[in-house]
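This report concerns only the one structure given below.
The values are calculated or read from the model by the stated rules, or taken from the named source; none is laboratory data. No experiment lies behind these values; they were computed from the predicted model shown. We place every Cβ from the backbone using ideal geometry, glycine too, and count neighbours over all the protein chains shown.
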Amino acid sequence: MSLYSVLIDPLLRDLRVYTIEFSGMKKGNKVLDLGCGTGDQVFYYGKRGTEATGIDLNPEMIKVAEKRKKRENL
């Protein structure tokens, strides 16, 4: 388990849930997540009908996101 998943992710979880509601995003809207890390926010948006794309400078983070995308069939 990574430091991020233990400390940071729990802090962002509520923010992730309410971002779509507060922003007024609707199904079909497009979202670009800069610094997406492992893609948690991107996957959350995508599961709610937005067209979400994530970009990160860290190739290891992108590898994790790509594996998750395949595993979750997104």
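Before moving on, here are some points about what is shown:
- Answer residue from the stretch 23-52, given it is out of contact with any helix residue (DSSP H, G or I) (no Cβ under 8 Å at 6 or more places or on another chain) and aliphatic (A, V, I, L, M) and is surrounded by the fewest Cβ atoms within 10 Å (Cβ to Cβ) among those: LEU34
- Contact map, the stretch 45-62: first residue assigned to a strand (DSSP E or B), second residue charged (D, E, K, R) and loosely packed, with under 12 Cβ neighbours inside 10 Å, Cβ cut-off under 7 Å, separation 6 or more or different chains; pairs are GLU51/LYS30.
- Just one residue in the set ILE20, ILE55 is surrounded by 11 or more Cβ atoms within 10 Å (Cβ to Cβ), aliphatic (A, V, I, L, M) and in contact with a Leu (Cβ under 6 Å, 6 or more places away or on another chain); that residue is ILE55.
- Scanning the stretch 5-17 for residues that are surrounded by 13 or more Cβ atoms within 10 Å (Cβ to Cβ) and under 18 Å from LYS69 (Cβ atoms), we see that the one that is modelled with the highest pLDDT is ARG16.
- Some residue of the stretch 50-69 being on the phi > 0 side of the Ramachandran plot and under 13 Å from the mean Cα position of the chain (by Cα): no
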